[in-house]
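The values are calculated or read from the model by the stated rules, or taken from the named source; none is laboratory data. Quantities reported herein were computed from a predicted structural model and do not represent experimental measurements. Note that each Cβ is placed from the backbone with ideal geometry, even for glycine, and that neighbours are counted across all protein chains shown. Quick note on the areas: whole protein, heavy atoms, side chains included, nothing else; ligands and nucleic acids left out. Shrake-Rupley method; radii C 1.70, N 1.55, O 1.52, S 1.80 Å.
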Amino acid sequence: MICFEHVSFGYEKGKPVLEDLNFILQDGESVGLIGANGAGKSTFMKVLLGLLPHEGTILVDEYEVNTKNLKEIRRKLGFVLQNSDNQMFMPTVYEDIAFAPLNYGMTKQEAEEAADTALEKLGITALKHRHNHKISGGEKRMAAIATVLAMNPDVLLMDEPTSALDPYNRRIIINTISSLEKTKIITSHDLDMIMDTCQRVILLSKGKIAADGPARDILSNRELLEANRMELPLRLQGI
Amino acid sequence: MDKIEQAVLELREMDELAAMRSPIHSLHPLTKLFTTIVYIFLTVSFYKYDLSGLIIMVLYPVLLFSISGVSVKTCFYKLRIVLPLVCAVGLFNPLFDRAPLLSLGGLAVSGGVVSMITLMLKGIFCLMASFLLVATTTIDAICAALRKVHVPAMIVTLLLLTYRYITVLMDEVAVMTTAYKLRAPGQKGVHYKAWGSFLGQLLLRSMDRAEELYASMLLRGFRGEFHYAEGKRADARDYVTALLVPAVLLFFRCYNVAMLFGGIAMGV
């Protein structure tokens, strides 16, 4: 469970980027975090992960997000960055996937097993010994997800998982995300993808929660979306 | 291809060379590190006129090249910038040391010429050995070996991260240079008036990327030290190599093998 109570954050005093956020995310829920550019989506993720300080209280299960609990918090939350190049910093896919398990005290054999399981789950076993700079954008995105899955986190956080992907790879990523039985928070401008992968949507606007409810209700509300500089998902536009 | 992109590619090619499979690649990194250090130390220790004694040391890189499958051409191509510098070290020796040292077919060769060639060969041999170490061992394995000999974690992590971040920095330079070139046709390189803003932007962009990369590491449990996934245990072959190769090299250093064989051949 993730609980936000009166959470605020600002880079400068008097200019909040996130303002008084309150919500509860139950285990197993998939939440799409949407909003225009600058709405605070990425900041939201960073605050949740303890990369930025905040006011108010954030709870991840029994742990409060603060510097004392960072180790436990980060063990529970797996974050897939928007730019896979920044996620994949080791020479080979395998070394990158084994990075987190080894850091969390697994033996080399256990780390390899965790890596193999993650690769298998995503159907990318063939990438195991490939060099990171030699795989395609879509493969890299899948491998980036595998680096996080190998940690076996309770919650999966994903920042724009389908950005810069061709339709084929986008569909693979959507199917993959849907098949993962974990609590998920996904930020994206790709509302069709959010519709496919999330039951609940939180709409951020200027750092505040403008709407929170079932994905279908919010994503089909043309007025609400347009008031927040967004559009209906393509499939609902009748094109 | 842009020069920077070429450089990034070359750096990544080193990772690929290190990932090849051969008896040399599969040796324990500590064994390779140790023999390379011994080789460099012994090669450098040859007396400046001991050209005939030094020649035999070429056997080490030649053997490594043939067993590892790394091509000599690749080695010299990758060392193309540093090799001339190394060769230039002894360039002035013939001017200062003109005393004849030996005679070749009636032609007197001065001590300066001999010491120049010796110095050049020492430099080339040492560079080849270092290249072979890097080309047959991944940077992670080298770092793991350094940690095994208790080099401080801070230094090893710094070395590893520097290697990783060089590509990040070069990637950013490549992107910015391309963007600049496309809007400044006919210009060679970046105009000096743009250097300030170019460097400033480069610094900011690299910092952004470095921060994100570091965040990604932190979020996956990084706490200041790398755990090296591809490590292997040293086996009998590694121990034998670590003892035998330095012993042979030491023998080459102590006895002038070229002269010994020459003497046998001439029946002296």
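With each label point set 7 Å from Cα along the Cα-Cβ vector, what nm distance links residue B:187 and residue B:96? Inter-label distance under the simple model: 4.5 nm. Peptides A:140-152, B:52-64, A:122-134 ranked from most to least packed by the mean count of surrounding Cβ atoms within 10 Å: A:140-152, B:52-64, A:122-134.
If you plug the beta carbon distance of residue B:52 and residue B:244 into 1/(1 + (r/R0)^6) with R0 = 30 Å, you get a FRET efficiency near 0.80.
For the stretch A:11-80, chymotrypsin sites (Phe, Trp or Tyr not before Pro) are listed when DSSP marks them as loop and at most 15 other Cβ atoms sit within 10 Å of their Cβ; the list is A:11. Straight-line reach from residue B:32: taking Cα to Cα under 28 Å and skipping same-chain neighbours fewer than 8 places apart, the lysines in range are A:108, A:128, A:134, B:48, B:73, B:78, B:122, B:148, B:232. Per residue of the protein assembly as shown, the DSSP helices (runs of n ≥ 4 H) give a summed -39500 (n - 2.57) that works out to -16500 deg cm²/dmol at 222 nm.
On a per residue basis, the stretch B:97-157 carries 45 Å² of accessible surface, using protein heavy atoms and a 1.4 Å probe. Of the residues B:93, B:25, B:79, the one whose Cα sits farthest toward the positive end of the charge dipole of the stretch B:1-93, with +1 on the Cβ of Lys and Arg and -1 on the Cβ of Asp and Glu, is B:93. Tell me whether chain A comes out rounded, prolate or oblate; compute the Cα gyration tensor, take square roots of the eigenvalues as a ≥ b ≥ c, and use a/c under 1.5 as the rounded threshold. Oblate, since a/c reaches 1.5 and b/c is not below a/b.
Counting other Cβ atoms within 10 Å, keep those with at most 15, restrict to DSSP loop, and tell me which GluC sites (Glu not before Pro) in the stretch A:42-75 are left. In loop regions of the stretch A:42-75 (DSSP not H, G, I, E or B), the sparsely surrounded GluC sites (Glu not before Pro) are A:62.
With an a/c value of 1.5 or above and a/b not larger than b/c for the gyration tensor axes a ≥ b ≥ c computed over the alpha-carbon atoms, the stretch B:182-258 is described as oblate.
Straight-line cross-link partners of residue B:193 among the lysines, defined as a Cα under 20 Å from its Cα and at least 8 positions apart when in the same chain: B:181. One equal scatterer on each Cα of chain B, no solvent, Debye formula: the resulting log10 I(q)/I(0) at q = 0.08 Å⁻¹ is -0.48.
For the stretch A:78-142 versus the stretch A:202-222, the spacing of their alpha-carbon centroids is 33 Å.
Note: the stretch B:72-133, Cα convex hull, 88 Å³ per residue.
Within chain B, the longest segment free of exposed loop sites, counting trypsin sites (Lys or Arg not before Pro) that fall outside DSSP classes H, G, I, E and B and have at most 14 other Cβ atoms within 10 Å, spans B:99-182.
With R₀ fixed at 41 Å, the C-beta to C-beta distance from residue A:166 to residue B:37 puts the FRET efficiency at about 0.25. So, in nm, how far is label residue A:180 from label residue B:203 when the simple model puts each one 7 Å beyond its Cα toward the Cβ? My value for the distance between the label points is 3.8 nm. Applying 1/(1 + (r/R0)^6) with r as the Cβ-Cβ distance of residue B:211 and residue A:71 and R0 = 25 angstrom yields a FRET efficiency of 0.80. Using the Cβ of residue A:89 as centre and a radius below 9 Å, the other residues enclosed give a net charge of -1, where K and R count +1 and D and E count -1.
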